[in-house]
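So the structure is just underneath, and the comments pick up after that.
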Amino acid sequence: MNDSAEYYDEMDEYEPIEGYCFHCRESVEIEDAMPVWTRRGQPATRGSCPICAGTVFRMGKTELHKEQNRPEAIVLEGESTKRNHPKLARDTVYINYAADDEEAAQRIASDLEKSGLAVWLHDHSAEDVNWSSGVHPALKDCSRMVYVLSSNALGDEQVMNAWQFFRGQRKPIVIAQLEQVDPPDPIRRSPRYDVAGDYKSEFRQMLGMLSA
């Protein structure tokens, strides 16, 4: 087999990977797809949209992961409470979301980190963990919250408990809206950004609010 044939065999090794672009509101073939792992050690794929060039993030294992070993997840909610809680950077942003909205939350977190903000993603594996203080230390440490609003989030008790704690501490909450649903009444006046619409514009405005 000649060199050119080997080259095309390598190019055909992986099938195109699709992901949902929240800006274009459609499934697209992810450009420059890269296998990544979330903080909990879950496989995902990150790349760009061929239409708007925005970030596309897809959860789940693909062919791109077959040559990679799963890294150890860092200590998050759900780990032993006897371990030390990792020290968070000043002004860390808490991303509060329902488990079914993880792809959208991961994209927001990734873009915030690229913009220079430290983030903490809520972890839904900690339902049975009882922290000595009654709440996860990250809720105390983080100074701001992004509440990813959807019908899923409205029915999620963990999500509700998190924003209620933040509100009780008088910490700022901004809303990243995925669906046309009303936010909980106590936080209805929080700044709201329709990231399911013009994502780039709404994200920039949200970033400005979080950076103020």
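Structure values in brief
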item	result
Long-range neighbours under 9 Å by Cβ, at least six apart or interchain, first residue in the same structural domain as residue 25 (by TED's automatic domain parsing) within region 154-180, second hydrophobic (A, V, I, L, M, F, W, C) and in a loop (DSSP other than H, G, I, E, B)	none
Any hit, region 192-209, residues being modelled with pLDDT of 95 or more and more than 24 Å from residue 48 (Cβ to Cβ)	yes
Filter result for residue 129 (modelled with pLDDT under 85 and of a type in the set (Val, Ile, Thr))	yes
All positions within region 176-206 that are within 24 Å of residue 26 (Cβ to Cβ), out of contact with any Gly (no Cβ under 7 Å at 6 or more places or on another chain) and not in a loop (DSSP other than H, G, I, E, B)	176, 177, 192, 193, 201, 202, 203, 204, 205, 206
Failed condition for residue 190, given (1) buried (at least 17 other Cβ atoms within 10 Å of the Cβ); (2) more than 18 Å from residue 112 (Cβ to Cβ); (3) touching a Pro at 6+ places or on another chain (Cβ under 8 Å)	(2)
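Every residue, every condition in (1) surrounded by 13 or more Cβ atoms within 10 Å (Cβ to Cβ); (2) of a type in the set (Asp, Glu), yes or no:
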residue	(1), (2)
161	yes, no
173	yes, no
178	yes, no
186	no, no
194	yes, yes
207	yes, no
210	yes, no
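The values are calculated or read from the model by the stated rules, or taken from the named source; none is laboratory data. Worth saying up front: this structure is predicted, and the values here are computed from it rather than measured. For neighbour counting, all protein chains shown are included, and Cβ atoms are generated from backbone atoms with ideal geometry for every residue, glycine included.
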